[in-house]
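J.: Here it is: the structure, laid out below.
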């Protein structure tokens, strides 16, 4: 078991970190100090809008300081890890900031993750405390985590948050907030660990990646800065959990770096998201393409669509042109294609919506920003020097420190001089625009031939009867795997396998890449982070194909 707070070594040379700060790419302050500056300049400004209403910067800061003091009384020290498993709410935001104020390291992960996975995260990181919901959508996270303490010797405290009774072995949040101690916040090194991002990625177990204060507020903060016209303070509606990697742009970026407002849903539904847009008029809506497709399906054309948003910022999976065009027309705003990952890569298409060659291979994701991270290609890693493709590598102000408790991942995904290996294949257009053309490992192998599900999904998404699609491999005794297209049809449509394959032929896709099974779904299963749950969809497809062939 790792010692608490151990192992946050920086794989980026220190001289580069200091050079980025000297160039102004990083604020060179801790997250809480940045938040506190906004609290002092605008104490009454809205910090969070959630199910309970509006809380201003001053009131939120009071809660943060009392929570930090309460955690300190329970023995949480600088550098130690504190888990946070809460739905999107002011309590989740306060927990993030309180941990930062202590100089400790936050490990947020979404409500809905199972107890075994949570135990892995807390155990591998050496977390000394965890703040969890007493109940959320039928899950009793605090109770489950308290029951696992015998397996987690570093875990000293389980804090329960919610209106339902506090489970045995848990400390109620109110007890931590009950004292108004004279709290003196820590002054952590801005290049020290502040937060651990969690990514399921392609590994059997979740990956944990340590980020510094500067990498979050600086590198990730600069990504959002490019989407703020005229320095406008952002009002960001987060459709994804703050505990997800995408959600790290919430507290650290929207509040601490930019002094904006967080608009939060404790659980995504398309109806709730549309109502929040109408009621609170966000400048930016952050989510994944599947969520926007669900919102478009819930609307009656453009008649009742909320307007006034600056941009929809969509990441987590590839954004197809059909969704981009429909969303831009319906919501009347820019639709930003965000390419990024918890591992340390970021690039986006910006507000201008530069035109790009829609006939070219892959997905255009914009030009790299050196204030966020530089991107280069390694043609020796699965690429094609003739075609100009290679594995995408990233390094810059947002680059994380290291993987947590996993030196084998450092060895696999980081170069000796700190570059992050993404596992994605890319190519640059003549104007410097990056195109993501595939994954090195995300393949279906049919009879010895590799098929990229992402490539097939991109083409199927252009079919007029397809609202959403995920392609997965299903076991086959003859070919090893065959490709199944799991499709959410548009309203009133009934796509057929023959029709989809004809569409792919017309698009010029090789015959061996065509799906051999079609599974129609009312909607796609989503992970707690809001992305398509490929494992669940794959299992569903395998059962459906097995039942059809055996019947």
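The values are calculated or read from the model by the stated rules, or taken from the named source; none is laboratory data. What you see is a predicted model, and the numbers here were worked out from it, not measured in a lab. Every residue, glycine as well, gets a Cβ built from its backbone with ideal geometry; the counts of neighbours run over all protein chains shown.
J.: For residue 82, only one of the following conditions fails: (1) under 24 Å from the mean Cα position of the chain (by Cα); (2) in contact (Cβ under 8 Å) with a residue 60 or more places away in the chain. What is its number?
T.: Of everything listed in (1) under 24 Å from the mean Cα position of the chain (by Cα); (2) in contact (Cβ under 8 Å) with a residue 60 or more places away in the chain, residue 82 misses just condition (2).
J.: If you don't mind, there's one more thing I want to ask. Which of (1) in the same structural domain as residue 190 (by TED's automatic domain parsing); (2) more than 30 Å from residue 411 (Cα to Cα) does residue 81 not meet, given it meets every other one?
T.: (2)
J.: Test residue 456 against the stated conditions and say whether it is touching a helix residue (DSSP H, G or I) at 6+ places or on another chain (Cβ under 7 Å), more than 24 Å from residue 13 (Cα to Cα), free of Cβ contacts under 8 Å to residues at least 24 places away in the same chain and not in a loop (DSSP other than H, G, I, E, B).
T.: No: the conditions fail for residue 456.
J.: Restricting to segment 515-541, give me the number of residues that are over 13 Å from residue 470 (Cβ atoms) and in contact (Cβ under 8 Å) with a residue 40 or more places away in the chain.
T.: Number of matching residues: 3.
J.: Further, regarding this structure: Determine which member of the set 98, 104 is within 30 Å of residue 417 (Cβ to Cβ), in the same structural domain as residue 191 (by TED's automatic domain parsing) and either in contact with a helix residue (DSSP H, G or I) (Cβ under 8 Å, 6 or more places away or on another chain) or crowded, with 20+ Cβ neighbours inside 10 Å (or both).
T.: Result: 104 is the single residue among 98, 104 that is within 30 Å of residue 417 (Cβ to Cβ), in the same structural domain as residue 191 (by TED's automatic domain parsing) and either in contact with a helix residue (DSSP H, G or I) (Cβ under 8 Å, 6 or more places away or on another chain) or crowded, with 20+ Cβ neighbours inside 10 Å (or both).
J.: Quick one: is residue 155 assigned to a loop (DSSP other than H, G, I, E, B) and either within 25 Å of the chain's Cα centre (by Cα) or free of Cβ contacts under 8 Å to residues at least 12 places away in the same chain (or both)?
T.: no
J.: If I filter segment 235-255 for residues that are in a loop (DSSP other than H, G, I, E, B), over 14 Å from the mean Cα position of the chain (by Cα) and at pLDDT 95 or above, do I get at least one hit?
T.: No, segment 235-255 contains no residue that is in a loop (DSSP other than H, G, I, E, B), over 14 Å from the mean Cα position of the chain (by Cα) and at pLDDT 95 or above.
J.: Does residue 415 count as buried (at least 16 other Cβ atoms within 10 Å of the Cβ) and in the same structural domain as residue 394 (by TED's automatic domain parsing)?
T.: Considered against the rule, which asks whether it is buried (at least 16 other Cβ atoms within 10 Å of the Cβ) and in the same structural domain as residue 394 (by TED's automatic domain parsing), residue 415 comes out as no.
J.: Also, quick follow-up: So which residues in segment 171-195 are outside any loop (DSSP other than H, G, I, E, B) and free of Cβ contacts under 8 Å to residues at least 24 places away in the same chain, if there are any at all?
T.: 172, 174
J.: With the condition kept exactly as written, say whether any residue in segment 502-524 is in a helix (DSSP H, G or I), over 30 Å from the mean Cα position of the chain (by Cα) and surrounded by 14 or more Cβ atoms within 10 Å (Cβ to Cβ).
T.: Yes, there is a match, as at least one residue in segment 502-524 is in a helix (DSSP H, G or I), over 30 Å from the mean Cα position of the chain (by Cα) and surrounded by 14 or more Cβ atoms within 10 Å (Cβ to Cβ).
J.: Which of (1) free of Cβ contacts under 8 Å to residues at least 60 places away in the same chain; (2) surrounded by fewer than 16 Cβ atoms within 10 Å (Cβ to Cβ) does residue 232 not meet, given it meets every other one?
T.: (1)
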